[in-house]
Every structure is written in C-alpha cells, then in structure tokens.
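Take a look at the structure below.
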Amino acid sequence: MIVTGNTILITGGGSGIGRGLAEAFQAAGNTVIIAGRRRQALEETVAANPGMAFEVLDVESAEAIKTFATAITARYPALNVLVNNAGVMRAENLLDESGDLGDAEAMITTNLLGPIRLTTALLPHLRRQTRSTVIDVSSGLAFVPLAATPTYSATKAALHSYNQSLRFQLRETPVEVIELAPPAVATDLMPGHAANPNSMPLDAYIAESMALLSANPTPSEICVERVKMLRNAESSGRYDAVFGMINPLH
C-alpha cells in the first residue's frame with residue numbers, strides 16, 4: 001500500500017484507533033471518510049479535522065451495509081482503501097446460567113460479520129481500481145485469548161483466519177490485504193483501558209504502525225513491538241507461559 005494519495009474509508013473512525021488512523025492518513029495526504037454508528041463522535045472528529053468526511057453506518061445491519069456500499073462508491077469513485085476497524089469488546093462470564101447471548105452475538109456481528117459483509121460489498125469496486133487495499137484491524141488476542149473476553153478474542157482469531165484466505169484468493173488482483181493487530185491500546189474500547197498503565201498510548205501506537213506501513217508498504221501484518229509477545233507466543237514455544245501471564249489464576 002502506498003501511504004499517500006488514496007481515498008480511504010475507515011469504520012469506527014469517530015474514536016480510538018479508528019480516529020487515530022483517520023487523522024494519520026489524512027496528514028499523510030489521503031482523502032479520508034470515517035463511518036460509524038455514533039453521529040456525534042463522527043461530527044466531532046470531522047470538525048477537528050477539516051477536509052475529512054463522515055457517513056453514518058450501522059455495521060450490525062446487513063441491509064444497511066449493502067445500501068451504504070452502493071452510495072459510498074457512487075459518492076467517492078476513487079475509493080481504494082477500506083479499513084475495517086469498528087469493533088466492540090465486552091467481558092463475559094461463561095458460568096452465567098442465564099443463557100443470555102446478547103453480548104456474544106453483538107460482538108460476532110460487529111467484529112466478524114461486519115468486516116466480511118462490508119468487504120464483500122465493496123470488493124467489486126476495489127477490484128476495478130488500479131491499486132487498492134483492505135486493512136482489517138484484529139488484535140493480539142487473536143493469537144492468545146483473554147479469557148475474560150472469550151467471544152471478542154474468538155472473533156479476532158476468526159478475522160485473522162479470514163484475512164489469510166482473503167489474501168490468498170485476491171493474490172492475482174490489485175487488492176492487497178493487510179492485518180493490523182494491536183496490543184492493548186489506551187482507548188475506550190472497554191472500561192478502564194484508557195487509564196490502564198499497561199495499555200499502549202494511542203498516539204505511540206498510531207505513530208509506530210504508520211512507520212511500519214511506510215517502511216514496508218506491502219506487509220501481510222502490521223505488528224508493533226508491544227504485540228509481538230502475543231503474536232509470536234505459539235511459534236516461540238511460549239504459548240502456555242504467555243496465556244498464563246495475561247490470564248493469571250489469582
């Protein structure tokens with residue numbers, strides 16, 4: 001991916017990593033459109049970044065995604081980069097006998113079906129571009145799960161697998177597929193993350209990720225140093241140790 005001169009759509013772009021990426025890509029000389037469910041967050045982000053545009057999109061709705069894809073490509077025919085960043089993360093108690101799967105289903109719909117549906121809807125357009133890119137934001141927890149967030153971790157592992165297949169199937173097209181796998185970052189993805197001293201500062205995460213992308217424009221994955229303990233846990237033979245580290249018994 002050439003990091004300038006693109007027209008980029010970023011879901012979940014009104015806050016957190018999505019907003020950080022949107023601002024960094026705009027500063028690098030790209031046209032940026034952010035999308036999300038919360039109009040106020042989108043409006044505030046665009047107001048702080050003149051020239052940025054926004055569209056309201058509920059990624060939980062399959063029909064809304066189809067309608068959105070038709071409209072966004074008509075409005076921005078040069079669109080050539082999709083960043084699937086929108087996501088939700090909620091703790092779950094699997095010993096709870098209530099049978100309520102509301103949180104699990106919401107995470108699967110947003111974190112996994114959302115990127116699959118939006119990528120599928122935009123892929124015909126992206127394939128017609130001279131060069132284009134799909135960037136999916138997964139997580140270090142795709143490689144070693146956080147037991148307190150089982151469905152979130154599972155959706156990110158599934159997205160990692162989907163990326164590998166997508167990249168292979170698109171290997172003879174103009175579409176690149178890049179996976180962005182963050183560590184814990186100081187955002188409001190979950191209560192306490194922003195203030196947790198173990199979370200990587202958002203500005204540092206964005207700066208390191210953009211530097212990696214600029215240095216190697218065609219990576220299959222973008223992994224900052226802080227996430228490599230998780231990413232490489234299995235290949236390094238330290239999976240059990242790393243799992244125990246992030247999931248202490250007491």
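What follows is calculated from the coordinates using simple rules that are stated; it is not laboratory data. What you see is a predicted model; the values in this text were computed from it and never measured. Every residue, glycine as well, gets a Cβ built from its backbone with ideal geometry; the counts of neighbours run over all protein chains shown.
Which far-off residues, 5 or more places away or on another chain, put their amide H under 5 Å from the one on E221, with H placed in the peptide plane?
Excluding prolines and chain starts, which carry no amide H, the hits are E179.
By per-residue mean of other Cβ atoms within 10 Å, what is the highest-first order of 78-87, 45-54?
Result, highest mean Cβ count within 10 Å first: 78-87, 45-54.
How big is the dipole moment of segment 7-246 about its Cα centre under a simple scheme where the beta carbon of each Lys and Arg is +1, that of each Asp and Glu is -1, and everything else is neutral? Debye, nearest 20, please.
800 debye
What Kirkwood Rh does segment 47-141 have if only Cα atoms enter the pairwise 1/r average? Answer in Å.
That comes to 15.2 Å for segment 47-141.
Please state, rounded to one decimal and in Å, the Kirkwood hydrodynamic radius that segment 18-62 gives when every pair of distinct Cα atoms enters the mean of 1/r.
About 10.7 Å, per the Kirkwood formula over Cα pairs.
Mind running the shape call on segment 110-250? Use the C-alpha gyration tensor, a ≥ b ≥ c as the square roots of the eigenvalues: rounded below 1.5 for a/c, prolate if a/b tops b/c, oblate otherwise.
prolate
Would you work out which of G99, V144, V59 lies farthest towards the positive end of the dipole of the chain, given +1 charges on the beta-carbon of Lys and Arg and -1 on that of Asp and Glu, about the Cα centre?
Highest projection toward the positive end goes to V59.
Order these by the 10 Å Cβ neighbour count, fewest first: D96, D103, D136, D203.
Lowest to highest Cβ neighbour count: D96, D203, D103, D136.
Which log10 I(q)/I(0) values, to two decimals, does the chain give at q = 0.13 Å⁻¹ under the Debye formula with one point per Cα?
Here log10 of I(q) over I(0) equals -0.80.
Loop only by DSSP, 14 or fewer other Cβ within 10 Å of the Cβ. Give me the GluC sites (Glu not before Pro) in segment 68-154 that pass, ordered by residue number.
E97
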